[in-house]
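Each reported figure results from applying straightforward, stated rules to the coordinates on display, with no laboratory input. Quick caveat: nothing in here was measured; it's all calculated off a predicted structure. Cβ atoms come from the backbone with ideal geometry, glycine included; neighbour counts cover every protein chain shown.
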Amino acid sequence: MRRELPKTYNPADFEDRIYAEWCENKYFKPSDDTTKPTYTIVIPPPNITGQLHMGHALNNTLQDILIRYKRMKGFATLWLPGTDHASIATEAKIVEVMREEGLTKDDVGREEFLRRAWDWRKKYGGRIIEQLKKLGSSCDWDRERFTMDEGCSRAVKEVFVRLYEKGLIYRGERIINWCPHCKTSISDAEVDYEDQAGHLWHLHYPYKDGSGYVEVATTRPETMLGDTAVAVNPNDPRYAGCVGKTVILPLVGREIPVIADEYVDMEFGTGAVKITPAHDPNDFEVGRRHNLPIVTCMTEDAKITDDYPAYAGMDRYEARKKIVADLEKLGFLSEVEDHAHNVGTCYRCKTTVEPRVSMQWFVKMEPLAKPAIEAVRHGEIKFIPERFEKNYFYWMENIRDWCISRQLWWGHKIPAYYCDACDKMVVTKSDEAPRCSSCGGEMRQDPDTLDTWFSSALWPFSTLGWPDENAEDLRRFYPTNTLVTAYDIITFWVSRMIFSALEFTGKRPFENVLIHGLIRDAEGRKMSKSLGNGVDPLEIIEKYGADALRFALITGNSPGNDIRFSDEKIEAARIFANKLWNAARFVLMNLDNNEIKYPDASTLSVEDKWILTRYEEAIASITSAMERYELGVALSNIYDFTWDVFCDWYIELSKPSLMNKDGAVSPQRSFAAKNTLAFVLTGILKMLHPFMPFITEEIYQSLPRQEGDSKSIMVSPYPTYDEALTFSDDAESMEKVIDAIKAVRARRAEMNVPVSSKAKLYIETKRPDIFGAAAEPFFMRLASASGTQLCDGVPEANAVRIVTSAATIYIPMGELVDLAAEKKRLLTELEKNAGEIERLERKLSNEGFISKAPAAVVEGERAKLKKHREVKAALEAALKALEG
RNA sequence: GGAAGCAUAGCUCAGUUGGUUAGAGCACUUGCUUGACAUGCAAGGGGUCACUGGUUCAAGUCCAGUUGUUUCCACCA
C-alpha cells in the first residue's frame with residue numbers, strides 16, 4: 001500500500017514501524033536458496049554488562065552496511081549476533097552490586113554467586129541487543145548466541161581437551177600478573193601501563209664477613225622481604241670480587257648470595273640489583289637460572305604475610321613506608337632519588353598489578369602462532385587497511401605463552417579434575433566428575449575459570465555449530481567473510497580467532513578483517529566515562545534518527561582512522577536526509593500511479609540521457625568503492641550524486657517537461673521525464689539503503705514499484721551498471737549547456753543583476769543543435785533568460801559577452817554595461833587563458849612526456865589545449881568587437 | 001627502548017594504482033521566499049598539500065631524512 005509522505009522528515013514517525021515490518025517478514029534471515037553464494041559476518045559480541053556506546057554504533061553500522069549491500073547483491077547473507085559473558089567485567093559488576101548490599105563473594109558462596117550472575121545476564125544481557133535493533137541492525141536474531149550457552153561451552157571444553165592432549169596446554173608455577181583487587185591472574189594483554197612518579201631507594205646490604213656492604217637500588221623496597229639474592233653484571237669491574245660472597249638481608253636476617261647475571265644493567269642505579277623471584281618477572285627468570293628459592297612475602301590481596309610479624313597484614317604501600325623508615329633508622333638507607341617509571345595496572349579496575357608466583361594454566365603459543373602468521377602472510381586472510389598486518393605480525397612473532405586460568409567464578413570452568421586422595425589429575429570433556437583411575441577416590445574440578453577471550457577465540461565457528469563438523473550452518477556459512485573490529489582489539493581477539501580456527505577447523509575463520517578506528521569527541525579526545533565526554537547513541541537516535549547517526553559515523557572516514565564526532569556532523573546528516581525526503585516529495589507530486597519502467601532510449605530527451613549517463617557512472621564508482629570497503633567514499637559519492645547532480649540539476653531540468661502550461665508538452669515527453677525521475681530516485685534509494693536503511697525504505701514504499709522489485713527495498717536488487725543507458729554524446733551536449741548556464745549565472749551575479757530581471761540571450765555557437773530551441777527552457781528557468789536566439793556575431797553593441805568553450809553568449813544590457821570594466825575583465829580572462837595555454841604547450845612539447853606518458857593522458861592534454869585555444873579565439877573576438 | 005599512523009582551506013576531513021587549474025561539509029562574503037526543500041537556491045573569497053632532499057616526462061600521492069603529533073608494543077630493578 002502506497003503512503004503519502006508527510007511534509008517534513010521526521011524519523012521518529014517511521015523507524016520503529018519499519019524495523020518491526022522487517023522482522024515480521026523475516027528479511028534478516030539468510031535466503032533459503034542454496035544456489036546463492038553466502039556472505040557471513042559474526043558480530044563482535046558485546047559484553048552483557050554493556051550499554052551501547054558510539055564504538056558499538058560505528059562497529060555495527062559498518063557490519064550492517066556490508067550485510068545489506070551483499071543481501072541486495074544477491075548473496076544469502078547471515079549476520080550472526082550474540083553477547084559475551086565477559087568474565088572479569090561482569091564479575092566485577094556483580095561484586096559491586098553485592099557490596100552495596102553489604103555482601104562479599106565469600107558470604108554468598110559460589111553457587112549463589114553464579115545464580116546472581118545468571119539473573120544479571122537474564123536482566124541486562126538483552127539490553128544491548130535491543131539497542132542494536134534501534135540502530136537498524138539486520139542480524140538474524142533467531143541465531144543469537146552467548147559465549148556461555150550450551151554450544152559455545154561444548155566448544156570450549158572440546159578445545160581445551162584437544163589442546164591438552166596435544167601438549168599445547170600445560171599447568172605450571174609461573175609468575176603472572178595478579179590483580180589484588182579482582183584477586184585473579186590477568187594476561188599480559190590485560191595489563192595497562194601508566195607513567196607514575198616514584199622513587200629509587202638505595203639500600204645497603206652488609207656482607208656477612210663484615211667487609212662492608214653492597215648498595216642496591218630499588219623502586220619497590222617492600223619486596224626486599226622476599227629477596228633471595230643480589231645480582232651484578234659479570235663484566236662489572238666494580239663488583240668483580242663480590243660475586244659469590246654472602247650478604248645479610250636487613251630487617252630479615254636471611255643470608256643471601258651475590259650472583260652474576262647478564263640481565264643486570266651496569267649503567268642503571270648502582271649496578272647491583274636485589275632479586276625477588278616471587279614478586280618480579282625478571283627476577284623470577286634470574287631466580288630460575290640460578291636456582292634461587294622463591295620467597296613469597298605478600299598475600300593475594302597484596303598484604304605482607306604472617307612470616308614477617310613486624311609488617312604482617314600491612315598493605316604493600318603501608319609496608320613500604322614502614323620498611324623504608326626502619327631501614328633508615330638502622331642506617332641501611334643511603335639515598336632516595338626521584339624516579340619516574342611505568343607501572344602495570346589492571347585494565348578493569350586500574351589497581352596496580354602485583355606480579356605473583358602461582359599455579360596457572362597456559363597455552364603454548366609458538367606452534368599455534370606459526371600457521372596463523374602464514375595465513376596472513378600468504379594473503380589467505382587480509383587486513384583492511386593492510387598496515388595493521390604489521391601490528392599483527394609483530395605480536396604473533398614475539399608471542400609468549402597465554403595464561404588462560406582466572407581465579408574468578410563467572411566463566412567456563414577449567415575441565416580438569418584432581419584426586420583428593422592422590423595427586424592424580426584428569427582433563428576431560430565429561431560433565432561428571434570422574435573417579436580417580438589410580439586410587440578410585442573422589443575427584444574435584446579445578447576451581448578456576450578460563451580467560452574470557454578463550455571462548456571468544458572460538459566465536460566464528462562455535463556459533464555455527466562446531467564441534468559438530470556436519471552442522472548445517474557450519475557447512476553453509478563457514479568460513480565467514482568479513483570481520484569488522486576496532487584496531488585496539490586485534491591482539492586480544494582477532495589473532496586468537498585466527499590461530500584457533502586454523503587449529504580446529506583447518507580453515508581461516510574469515511577472509512577479510514575490516515579495521516576501524518575509535519570514536520573521539522569534537523576535541524579529538526577518547527570518549528570515556530571519566531571524562532564525561534561520551535555521547536549516547538540512543539539519545540542521538542531519538543533526536544536525529546538512526547539514519548542520521550549512521551550517516552554521521554560513516555561519512556568522511558576511511559578504514560582504520562579515528563573519527564571525531566560532533567554536533568555539526570550529525571546536523572549535516574539530518575539535513576541531507578531532509579534533502580532526499582523533499583526530492584522524493586517532488587518526484588511523488590509529479591508521478592502518476594504507474595509502475596516505474598526501465599527507461600526506453602527512444603523516448604528520452606537529452607537531459608534524461610544526461611542524468612542516466614551520470615547515474616550509470618555513479619553506479620560504477622559507488623559499487624567499486626563498496627567492493628573495496630571504502631564505505632566513506634561510496635557514501636560521499638552517493639551524497640554528491642543525489643544533491644549536486646540529481647537535485648540541483650536534473651530535477652530543475654525536468655521541470656519544463658512536467659509543468660505543462662498550455663499543453664505544449666507531449667504526454668510521451670512528460671512520461672519519459674517522470675519515469676526517469678522515479679527510476680533514478682529509486683536507484684539512489686537502493687544505493688543509499690545500506691547506509692540509511694529507514695528513510696530509504698520509507699520513501700521506497702511510497703513510490704510505485706519498479707519491475708522486478710520486492711515490496712521492501714532491503715530485499716530488492718542492487719543497481720548494476722548498464723551501458724545501454726549511457727549516452728556519452730548527449731551527456732556531453734548537456735554538459736555544454738550546463739556550462740553555459742553556469743557562466744551566465746556567474747556573470748549576472750558578478751554584475752549584481754537580480755534573478756527577477758530577465759534578459760534575452762543571444763547565442764553564437766558552432767553547435768546550433770545543442771543550443772537551439774530545445775535548450776531555451778533551460779536558459780529561461782535556470783539562467784534568468786526571457787528567451788534565447790541563435791545569432792552570428794554581435795547582435796547589438798553594449799552587450800555582455802560570456803565565453804564558454806562551446807558558445808559565446810551575449811546579453812544586451814544597455815546602459816548597465818560598463819565598457820571599460822568589461823574590457824578589463826576580458827583582458828584578465830585572456831591572461832588566465834594564455835597561462836594555461838602556455839603550460840599545456842610546454843607540456844606537450846616535452847618529448848619525455850609525449851613518449852613516456854600513456855596515450856590517453858597525452859590525448860587528454862591535447863584536447864584541453866584545443867579547448868583553451870577555442871576560448872582564446874572567442875575572447876579575442878569579443879575584445880575586438882568591443883574595441884571596434 | 002621498538003614500531004606504526006597522521007600533518008592538505010579558519011575548523012573537521014576526503015583525495016584509489018603518480019596524470020585536468022587539489023575537493024567536500026561546516027564557517028565566512030554577496031544576492032535571492034525561483035512551484036520539493038530557507039533543514040533551501042545561486043554566486044564567491046580562502047590552500048607555497050609540515051620541512052629538506054631524491055626518483056620520474058609528471059609528486060599532495062613513491063623513496064630517504066628532519067620537525068611536530070597521536071597510537072600500539074616492550075617494561076631496567
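Estimated from the Cβ-Cβ distance and a Förster radius of 35 angstrom, the FRET efficiency linking A:Asp188 and A:Cys439 is about 0.40.
Structure note, pairs A:Lys758/A:Lys880; A:Lys36/A:Lys122; A:Lys133/A:Lys413; A:Lys122/A:Lys157; A:Lys36/A:Lys507: Cα-Cα distances above 25 angstrom occur for A:Lys758/A:Lys880; A:Lys36/A:Lys122; A:Lys133/A:Lys413.
Here is the tail figure for the range A:91-133: Cα pairs spaced more than 17 Å apart come to 35 percent of all pairs.
With N the number of residues in the range A:824-880, Rg(Cα) / (2.2 N^0.38 Å) evaluates to 1.29. Calculated translational diffusion coefficient of the range A:523-566 (20 °C, 1.002 mPa s; Stokes-Einstein with Kirkwood radius over alpha-carbon pairs) equals 185 µm²/s. Shape descriptor for the range A:771-884: Rg over Rh equals 1.08 (Cα atoms; Rh from the Kirkwood inverse mean 1/r). Convex hull of alpha carbon positions in the range A:721-795: directionally averaged projected area 6.1 nm².
Run the numbers for A:Asp488 and A:Ala774: contour at 0.36 nm per residue of separation, minus the present Cα-Cα distance, in nm. Don't jump to the answer; show the numbers that get you there.
Values: separation 286, 0.36 × 286 = 102.96 nm, distance 5.93 nm.
Net length gain for the segment: 97.0 nm.
Among the listed pairs A:Lys766/A:Lys832; A:Lys736/A:Lys824; A:Lys823/A:Lys867; A:Lys73/A:Lys655, a Cα-Cα separation exceeding 28 Å is found for A:Lys73/A:Lys655. Bridging of A:Lys123 to lysines at a Cα separation below 17 Å is possible for A:Lys93, once same-chain residues fewer than 8 apart are set aside.
For the range A:118-268, the Kirkwood radius over C-alpha pairs fed into Stokes-Einstein at 37 °C and 0.692 mPa s yields D = 152 µm² per second.
Normalising the Debye intensity of the range A:479-544 to I(0), with uniform scatterers on Cα atoms only, and taking log10 at q = 0.14, 0.26, 0.27 Å⁻¹ returns -0.61, -1.09, -1.13.
Averaging over all projection directions, find the projected area of the Cα convex hull of the range A:584-631 and quote it in nm² with one decimal place. If you can, show how the numbers build up before the last one.
Numbers: hull surface 19.4 nm².
Approximately 4.9 nm², given one-decimal rounding.
How big is the Cα convex hull of the range A:417-503 in projection, averaged over all directions, in nm²? The directionally averaged projection comes out at 7.7 nm².
Mean separation of Cα pairs under 8 Å and 6 or more residues apart, divided by the residue count, gives chain A a relative contact order of 12 percent. Computed FRET efficiency, Cβ-Cβ of A:Leu790 and A:Lys867, R0 22 Å: what is it to the nearest 0.05? E(calc), rounded to 0.05, equals 0.55. Each residue of chain A gets 246 Å³ once the volume of the Cα convex hull is shared out per residue. With +1 on each Lys and Arg Cβ and -1 on each Asp and Glu Cβ, and nothing else charged, work out how big the dipole of chain A is about its Cα centre, in Debye to the nearest 20. Dipole magnitude for chain A comes out near 1660 debye. Counting neighbouring Cβ atoms within 10 Å and putting the fewest first, the residues A:Phe778, A:Phe671 line up as A:Phe671, A:Phe778.
Residue ranges A:70-81, A:681-692, A:504-515, A:369-380 sort as A:681-692, A:70-81, A:504-515, A:369-380 when ordered by packing (mean number of other C-beta atoms within 10 Å per residue, highest first). Counted over chain A, the DSSP beta bridges are approximately 70% antiparallel.
For the range A:299-355, what relative contact order do you get, as a whole percent, if you take Cα pairs closer than 8 Å and at least 6 residues apart?
Dividing the mean separation by the residue count of the range A:299-355 yields 18 percent.
Put simply, the Cα atoms of the range A:620-705 extend 50, 24, 17 Å along their principal axes, the longest span coming first. Global size of the range A:46-120: 18.4, 57 Å for Rg and Dmax (C-alpha atoms, Rg to one decimal, Dmax whole). The alpha-carbon atoms of the range A:330-432 define a convex hull whose volume equals 280 cubic angstrom per residue.
Normalised by 2.2 N^0.38 Å, where N is the number of residues, the C-alpha radius of gyration of the range A:86-184 stands at 1.40.
Each peptide in A:458-466, A:574-582, A:802-810, A:192-200 was scored by the mean count of other Cβ atoms within 10 Å over its residues; highest first, the order is A:458-466, A:802-810, A:574-582, A:192-200. Straight-distance candidates among the lysines for linking to A:Lys321, with alpha-carbon spacing under 26 Å and chain neighbours fewer than 8 residues away dropped: A:Lys183, A:Lys274, A:Lys303, A:Lys329, A:Lys350.
Per-peptide packing, taken as the mean over residues of other Cβ atoms within 10 Å, places A:626-638, A:757-769, A:216-228, A:833-845 in the sequence A:216-228, A:626-638, A:757-769, A:833-845 from highest down.
Modelled this way, with points 7 Å down the Cα-to-C-beta line, the labels at A:Asp149 and A:Lys370 are 3.7 nm from one another.
Under 13 Å of direct C-alpha separation, and excluding same-chain neighbours fewer than eight residues apart, A:Lys543 reaches these aspartates and glutamates: A:Asp13, A:Glu15, A:Asp567, A:Glu571.
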